[in-house]
Amino acid sequence: MDKNEVDVLFVNVRPFILKDYESKGATALQKLTDKFKEGDPFIIILGEEPMRFSEFKFWLRNQFNTLKRTSKDGKVKTTIVMRAHKLTDYDQVYRVLQMCKIEGFRQIKLRAVTKSVAQPI
């Protein structure tokens with residue numbers, strides 16, 4: 001990434017898969033299952049509760065406005081790095097990218113998770 005990019009915001013998009021959260025404890029699991037059903041798309045941002053797309057849009061707008069207000073020159077230089085789970089539908093990825101653009105973020109990057117597998121000799 002460019003040295004001029006001050007902040008980076010990682011946005012993770014994935015479907016809710018119950019078995020991925022079974023080890024989180026009964027209270028946390030209950031909270032998640034009250035909000036999401038198996039396969040529901042959701043957003044994960046470090047330090048925030050998992051969000052539905054509608055919640056993310058509101059959160060993103062507030063984040064942009066706060067960054068703009070606190071910026072010395074009134075410009076938001078934060079880069080959004082979106083990471084999508086391999087089971088995430090492209091329409092959901094596109095929807096998040098559009099939300100970021102509509103709310104005013106201009107530096108948006110898409111990351112793919114690749115797994116390196118050692119080849120047998």
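Just so you know, all these numbers are worked out from the coordinates, no wet-lab data involved. In this text, all values refer to a predicted model and were calculated from it rather than measured experimentally. Cβ: placed from backbone, ideal geometry, glycine included. Neighbour counts: every protein chain shown.
Listing for the model above:
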| quantity | calculated |
| --- | --- |
| Loop-exposed trypsin sites (Lys or Arg not before Pro) per DSSP, neighbour cap 15 Cβ within 10 angstrom, longest uninterrupted part of the chain | 4-36 |
| Residues listed by number, segment 5-37, amide nitrogen under 18 Å from Asp73 label point at 7 Å toward C-beta | 5-8 |
| The chain: angle of helix 53-70 to the longest principal axis, Cα-based, in degrees nearest 10 | 30 degrees |
| Distance (nanometres) between label positions extended 7 Å along Cα→Cβ at Ile45 and Phe58 | 1.3 nm |
| On Cα atoms only, tilt of 26-35 relative to the major axis of the chain in degrees | 70 degrees |
| Share, in percent, of DSSP beta bridges within the chain that are antiparallel, nearest 5 | 30 percent |
| Nearest-ten-degree value, helix 90-103 long axis tilted from longest Cα axis of the chain | 30 degrees |
| Label selected from (i) 42; (ii) 34; (iii) 58, the criterion being percent of Cα pairs over 22 Å apart as computed here | (i) |
| Gain on full stretching of the segment that runs from Tyr21 to Asn65 - 0.36 nm per residue minus C-alpha separation | 12.6 nm |
| Of Lys75/Lys101; Lys31/Lys86; Lys35/Lys101; Lys57/Lys101, those spanning more than 20 Å from alpha-carbon to alpha-carbon | Lys31/Lys86; Lys35/Lys101 |
| Length added when fully stretched, Leu29-Leu87, from 0.36 nm per residue minus Cα-Cα | 18.8 nm |
| DSSP loop GluC sites (Glu not before Pro) with at most 15 other Cβ within 10 Å excluded, longest remaining stretch of the chain | 49-121 |
| Cross-link reach list, aspartates and glutamates versus Lys109, counting only Cα pairs under 15 Å and skipping chain neighbours closer than eight places | Asp2, Glu5, Asp7 |
| The chain - mean residue ellipticity at 222 nm from DSSP helices (-39,500 (n - 2.57) per run, n ≥ 4, rounded to 500) | -11000 deg cm²/dmol |
